[in-house]
Structure formats: C-alpha cells, structure tokens
Amino acid sequence: SQRYRIAAILGDGIGREVVPEGLRCLRAAAEAHGFELDVVEHDFACADHWLRHGAMLPPDWKDVLGGFDAIFFGAVGWPEVVPDHVSLWGSLLQFRRGFDQYVNLRPVRLLRGVRSPLRDHGPGDIDFRVVRENTEGEYSNVGGRIFEGTDRETVLQETVLTRIGVDRVLRYAFDLAAGRPRKHLTWATKSNGISIAMPYWDERAAAMAKQYPDVVADKDHIDILAAKFVLRPGQYDVVVASNLFGDILSDLGPACAGTIGIAPSANINPDRTWPSLFEPVHGSAPDIAGRGIANPVGQIWSGAMMLEHLGEPAAAAAVLAAIERVLADRPEVLTPDLGGPGTTEGLGTAIAAEIAWAGRQEDQPVQ
Ligand code: NAD
Ligand code: IPM
Ligand code: MN
C-alpha cells in the first residue's frame with residue numbers, strides 16, 4: 001500500500017498538545033483508508049532547542065526535512081525564552097522560504113455546532129478561502145536601524161513584491177476561484193495609501209483577471225475588507241492577499257466563524273519541488289499551554305489538508321466529516337473556546353474514533 005513519510009514538529013506551548021491529537025486522527029485515517037504513514041518526530045524549532053543549541057534549527061535542516069512527503073507542524077513561540085522575531089525567523093519563516101511554500105491556503109467555514117460571534121450567522125453562512133502570499137511582501141527582512149541611540153534614530157523595513165512572486169500566488173487564487181461554484185475572487189489591497197507596492201499588486205491582479213473571464217473579480221481595500229468580514233462574511237469566496245494582509249485576515253475570518261482554534265492552514269509549494277507544511281493558523285498560546293484545554297481541531301483539519309495534498313482525498317474528506325459530526329453532535333467533548341467542558345485529548349480521541357467508525361461503516365457490504 002501507499003506509504004507517506006511525514007516529518008512532525010511539535011514546537012512550543014500548545015503545539016506540543018495538539019500535534020499528538022492530529023497524529024492520532026491521521027493514524028485513524030490511514031488505518032481506515034488503507035495507506036501507511038511513517039512519522040518522524042523532530043525536536044527542533046522550539047524554545048528548548050534554542051536553549052540547548054543557541055539556534056532554532058540545526059544547520060542541515062533543509063537536508064533533514066527536504067526528503068519528506070510533508071511536514072506536520074504545531075506552533076513555535078515562547079517569548080519568555082527567545083524573542084518572537086528570533087524564533088519565527090529562525091524556524092517557520094525559514095521553512096516557508098526555503099521550501100518555496102509560496103501559497104498559504106487558509107479555509108474559513110462556519111461549521112455546525114460552532115457559534116459565530118456575529119448575529120444572524122449560522123452553519124454554512126460563512127465559507128471562503130484566504131490565499132495568502134507566503135514568501136515576500138511585507139515580511140521582507142530587508143531594512144535596518146541607523147543612528148541608533150541618537151535622536152535621529154531611524155528604522156526602515158521594505159516591502160518586496162516581485163513579478164514572479166505576485167503572479168504565482170494570484171494565479172493559484174484565480175485557478176482556485178475558477179473551480180468553485182461561485183467563481184468569485186476578491187483581492188485585498190491598500191493602493192490608496194501604500195502608493196508604490198499596492199498599485200503594482202492591483203495592476204498584476206487586474207491583468208490576471210483578464211485571463212479568467214469566468215471569474216468575477218473585485219478588490220477591497222484592507223480596511224473596509226476587515227469591516228465587511230464582520231458585517232457580511234457570506235459574500236466572500238476566495239480572498240487573495242499579500243503576506244501581512246493575509247495574516248490578519250486569516251485570524252479575523254476564523255474569529256468570525258467561531259474560534260481561531262479550529263482554523264487550519266496549508267503552506268504549499270505547488271511545484272512540489274519541496275515538501276509542503278501543514279499547521280493550524282493559531283500560535284503556541286502560552287496563556288493556556290500546559291492545561292490540556294487547547295482546541296485540537298485546527299491541527300486535525302490541517303492534517304486533512306495534508307492528506308488531500310498527498311493524494312488521499314477520500315481520507316481527507318473523512319477526517320473533515322468526522323470533525324463536523326463531532327462538533328455538531330458531541331457538545332460534551334468540546335473545548336472551552338467552543339463553549340464546552342472538554343479537553344484537547346478528549347476532543348482528539350472523539351474525532352479519531354469517529355474516523356475509525358465511519359471507516360468500518362464503509363466496509364460493510366450494502367444490504
Ligand atoms: P495565539 O494564536 O497563540 O493565541 C491567541 C489567543 O487565542 C490566546 O488567547 C490563545 O489562548 C487562543 N488560542 C489560540 N489557539 C487556541 C486553541 N487551539 N484553542 C483554544 N484557544 C486558542 O497567538 P499569540 O498570543 O499572538 O501568540 C503566542 C505565541 O505564538 C507567540 O510566540 C507568537 O509569535 C506565536 N505564534 C506562532 C504561530 C505559528 O507557529 N504558526 C502563529 C501565531 C503565533
Ligand atoms: C501565522 C503566524 C506567523 C505569521 C508568525 C508567527 C510569524 O502569525 O502563521 O499566521 O505571521 O506568518
Ligand atoms: Mn498569523
């Protein structure tokens with residue numbers, strides 16, 4: 001049977017609690033759908049590695065991870081030990097760049113059993129995809145400080161947009177929109193204020209739109225787009241955004257759809273030269289870490305996205321269906337962010353059991 005090699009990286013904080021639940025569900029899916037997962041856990045990209053080695057990653061990390069079929073990642077960040085920009089630029093942001101994972105795909109859906117904080121929004125009313133540019137833009141790391149310590153102290157950080165970088169993420173987003181029933185794409189911009197970079201982004205998006213006559217494409221400035229996410233999230237289908245705008249929208253969207261605890265993401269290298277990386281949208285949540293109450297659904301759903309990417313769409317759909325059924329029908333296992341009394345392990349175990357149960361139903365001969 002098919003065998004997939006998965007690198008697991010737990011990271012910090014609740015990453016260490018939710019990744020095991022993600023793996024539990026992935027193993028249940030493998031068992032039910034007849035493929036094998038070789039999971040190798042790595043102990044780098046965490047504060048502990050920093051303390052032991054003075055670096056987030058071993059120098060040969062690219063060789064160590066490059067041969068895996070996919071990376072299953074939790075979350076990094078433990079600011080008491082290592083400043084966030086150091087830990088993130090030393091790990092996750094290296095993976096995204098080094099493995100050219102230029103698409104960050106972040107689905108936002110209001111599921112049954114989950115309550116939106118927005119009035120009059122129920123299951124099915126919110127269903128869109130944020131496509132975030134993931135390798136350049138505002139996250140350039142180009143800039144510096146001059147005249148430090150003087151009254152002329154000056155800090156500069158550039159935004160970098162390349163034609164290849166902009167066009168490839170737009171193309172991915174337009175292709176995605178073209179394949180969806182509503183065929184609607186919105187690009188986020190701020191070309192009224194960010195007067196050099198964002199008019200360029202608009203130009204490239206408008207040019208791309210010409211190649212997709214079936215896609216209804218429009219743009220929103222990021223400020224009003226944020227407001228409309230709250231007022232009328234149902235109108236969005238595919239939203240494509242630069243790195244920073246996409247980062248913000250992909251926390252705002254899931255919050256409107258109930259909790260960031262369920263939001264998944266896929267950092268994709270569409271060319272498949274390198275492994276893609278699957279992780280929840282949320283971070284290491286130091287405020288609740290160690291208490292066993294983190295919601296594992298973002299991690300488990302990210303696992304479903306990984307299965308889809310690996311070429312196991314039936315298993316991916318089964319994981320998502322199991323998530324939806326447990327959220328809708330098992331209020332007693334839901335974690336506190338979902339308004340329930342449950343635990344990370346309890347919710348993960350319930351979803352894994354549901355995956356296994358559904359697999360057995362499929363095996364029954366039709367009467
Ligand atoms: P965060 O996402 O970790 O937490 C924000 C809030 O949401 C917290 O109140 C937290 O308790 C809650 N929350 C997050 N995930 C949850 C879950 N699964 N279940 C229930 N509640 C959940 O964001 P933050 O506080 O800005 O960042 C904390 C650390 O994580 C920082 O070090 C930050 O740099 C890092 N971070 C890492 C990643 C990543 O590795 N991909 C992403 C975001 C933030
Ligand atoms: C995310 C995170 C990261 C980002 C941080 C931790 C660098 O917020 O994956 O959304 O901004 O990309
Ligand atoms: Mn973020």
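Coordinate-derived values only; no laboratory data. These numbers were taken from a predicted model, which means no experiment stands behind them. All Cβ positions, even for glycine, are placed from backbone atoms using ideal geometry, and neighbour counts span all protein chains on display.
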| Helix by helix, which DSSP H runs in the chain go 27 Å or more along their axis at the Cα atoms and have an average Kyte-Doolittle hydropathy of -0.5 or more? | 344-363
| request: Could you give me the radius of gyration and the Dmax of region 64-158, taking only the C-alpha atoms into account and expressing both in angstrom? | output: 19.2, 57
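Full extension from ASP151 to GLN211: what is 0.36 nm times the residue separation minus their Cα-Cα distance, to one decimal in nm?
Contour length minus Cα-Cα distance gives 16.5 nm.
How large is the translational diffusion coefficient of region 1-149 in µm² per second when you combine the Kirkwood radius over alpha carbon pairs with Stokes-Einstein at 37 °C and 0.692 mPa s?
Answer from the Stokes-Einstein relation: 182 µm²/s.
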| request: Would you mind counting up the charge near MET305? Only other residues with Cβ under 13 Å from its Cβ, with Lys and Arg at +1 and Asp and Glu at -1. | output: 0
| task | Taking the Cβ of ALA317 as the centre, find all other residues whose Cβ is under 12 Å away and add up their charges (Lys, Arg: +1; Asp, Glu: -1). | result | -4
| note | With Cα springs under 10 Å, the Gaussian network model of the chain assigns the largest mean-square fluctuation among ILE355, ILE248, ILE14 to ILE248
| query | For region 154-204 and region 77-121, what is the separation of their C-alpha centers, rounded to whole Å? | reply | 19
| Cα-centred dipole magnitude for the chain, charges only on beta-carbon of K, R (+1) and D, E (-1), debye, nearest 20 | 780
| task | Take the alpha-carbon centre of region 243-320, take the same for region 210-236, and report the distance between them in whole Å. | result | 22
| message | At 0.36 nm per residue, and after removing the present C-alpha to C-alpha distance, how many nm does the segment from ASP38 to ASN192 gain when stretched out fully? | response | 50.5 nm
| task | Compare the peptides 59-65, 106-112 by average per-residue count of other Cβ atoms within 10 angstrom and give them in order, highest first. | result | 106-112, 59-65
| field | Spread of Cα-to-Cα distances over 10 Å intervals beginning at zero, given as percent, for the chain | value | 5, 23, 32, 26, 10, 2, 0, 0, 0
| query | What's the local net charge at THR344, with K and R +1, D and E -1, over the other residues with C-beta under 13 Å away? | reply | -1
| Charge dipole (the chain, unit charges on Cβ, about Cα centre) - positive-most of ILE248, LEU111, ALA177 | ALA177
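For region 83-211, what does the alpha-carbon gyration tensor say about shape, rounded, prolate or oblate, given a ≥ b ≥ c as the root eigenvalues, a/c under 1.5 as rounded, and a/b over b/c as prolate?
prolate
Let me spell out the model: positive unit charges on the Cβ of Lys and Arg, negative unit charges on the Cβ of Asp and Glu, origin at the Cα centre of region 256-344. What dipole size does that give, in debye rounded to 20?
In debye, rounded to 20, region 256-344 gives about 80.
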| said: I want to check a number: in the chain, how many lysine pairs have alpha carbons closer than 26 Å, given a sequence separation of 8 or more or different chains? | reply: 9
